[in-house]
Amino acid sequence: MPINKIIITGGAGFIGSHIAENCFRKFKNAKIIIIDKFTYAGFISNLKNIAKDKRVKIIKSDICTLKNSKSIFSNTDLLIHAAAESHVDNSFGNSKIFSKTNIIGTHNIIELSRYYSVKKIIHISTDEVYGDILKGSFSENHSLNPTNPYSASKAAAEMIIKSYIKSFNLPVIIIRPNNIYGTRQYPEKLIPKSIFLLSNNKKVPLHGNGKNIRHFLAIQDFISALFLIIKKGKIQETYNVGSSNGYTNFDIVKKICNILNLNIKTSIQYVNDRPYNDLRYSINYSKINKLGWSQKRFIENDLKNLVKSYKL
């Protein structure tokens, strides 16, 4: 299927801007429409390499209240829905914003896609919809068991999408990735936050005992998985995209301290844990491996250059 028109929601954020840049390079004749509310984590500077090109149109809008939807959605070949409130800590204090953006916003995007017959839709979800798992890994067929307002809102968005698959035969594919890291990530997440604080002689706050385990996926590996799914993914299926090595939050901060020649014992401050903090995330991603994808990058190799990029 030729791709001549692409919509990317949340395209000025960390993940969305990388998607937008790579779509611009890969689909050289496609018109690219970027929709972003430009909240605290979305910046036009993230799109500086493509923003002025005539193929790119940037729309500042809330996905819950889009106007001129016909001109935006008609004759769209591919829609990548990346817009979301995504910081778990914030979801405990202001969960209604997460429900509005992640549930109502997704419902609006999906309904407009149905109404204007978007040919293919990629919905970016999260591994957190599964909840935590002490042993083993979740496959795509496991039940969803979210444990915080953020993951609950993402799981609810998936339920709406699945209802549209059943009711309207919507051509959508769901992706559930691990924690994604890379340049441009807003410094509220563990890696960029730790780099910024430690680079400025400040301590990193660690929840609880710092032993919660997460798997970290490079943005480059996520992008390669995304394009493989666009090309070979089966419509109305779900794909986990993960990384092989799990690290505690303490491990990650220690690695950054080592790069910056800092003592880990004097560089962290233990703080009260979240109301509930998933102990371990782990997903089975053999399904996308069978399509031909494999992890190429590893956080232990990428951290040094990432620290340099955030310090510039």
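The values are calculated or read from the model by the stated rules, or taken from the named source; none is laboratory data. This is a predicted model, so every value here is computed, not measured. Heads up, the Cβs are rebuilt from the backbone with ideal geometry, glycines too, and the neighbour counts pull from every protein chain shown.
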**Item:** Residue under evaluation residue 205, criteria (1) assigned to a strand (DSSP E or B); (2) free of Cβ contacts under 8 Å to residues at least 40 places away in the same chain, criterion not met
**Value:** (2)
**Asked** Among the residues of the stretch 78-85, is there at least one that is under 20 Å from residue 16 (Cα atoms) and modelled with pLDDT under 95?
**Response** yes
**Fill in**
Picking from 302, 221, 251, the residue that is out of contact with any Gly (no Cβ under 7 Å at 6 or more places or on another chain), assigned by TED's automatic domain parsing to the domain that holds residue 131, more than 30 Å from residue 169 (Cβ to Cβ) and outside any loop (DSSP other than H, G, I, E, B) would be 221
**Prompt:** If you go through the stretch 162-169 one residue at a time, do you hit one that is surrounded by fewer than 20 Cβ atoms within 10 Å (Cβ to Cβ), under 19 Å from the mean Cα position of the chain (by Cα), modelled with pLDDT of 95 or more and part of a loop (DSSP other than H, G, I, E, B)?
**Reply:** no
**Asked** over 30 Å from residue 121 (Cα atoms), of a type in the set (A, V, I, L, M) and at pLDDT below 95, is that true of residue 279?
**Response** yes
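Among the candidates 26, 5, 31, which residue alone is of a type outside the set (Val, Ile, Thr) and free of Cβ contacts under 8 Å to residues at least 60 places away in the same chain?
Working: 26 fails: free of Cβ contacts under 8 Å to residues at least 60 places away in the same chain; 5 fails: free of Cβ contacts under 8 Å to residues at least 60 places away in the same chain.
Criteria check complete, one pass: 31.
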**Message:** Looking only at residues that are among the charged types (D, E, K, R) and modelled with pLDDT of 95 or more in the stretch 64-77, which one is surrounded by the fewest Cβ atoms within 10 Å (Cβ to Cβ)?
**Reply:** 70
**Message:** Restricting to the stretch 121-143, name every residue that is assigned to a loop (DSSP other than H, G, I, E, B), modelled with pLDDT of 95 or more and in contact with a Lys or Arg (Cβ under 9 Å, 6 or more places away or on another chain).
**Reply:** 125, 126, 139, 140
**Request:** Answer yes if at least one residue in the stretch 201-222 is among the polar types (S, T, N, Q), at negative phi and over 15 Å from the mean Cα position of the chain (by Cα), and no otherwise.
**Result:** yes
**Residue satisfying all of: in the stretch 170-188; over 12 Å from the mean Cα position of the chain (by Cα) and of a type in the set (D, E, K, R); surrounded by the most Cβ atoms within 10 Å (Cβ to Cβ) among these** = 184
**Request:** Looking for whichever is touching a Pro at 6+ places or on another chain (Cβ under 6 Å) and crowded, with 21+ Cβ neighbours inside 10 Å here; the options are 225, 152, 157. Which one fits?
**Result:** 152
**Prompt:** Quick check, is residue 264 outside the structural domain of residue 91 (by TED's automatic domain parsing), among the aliphatic types (A, V, I, L, M) and more than 19 Å from the chain's Cα centre (by Cα)?
**Reply:** yes
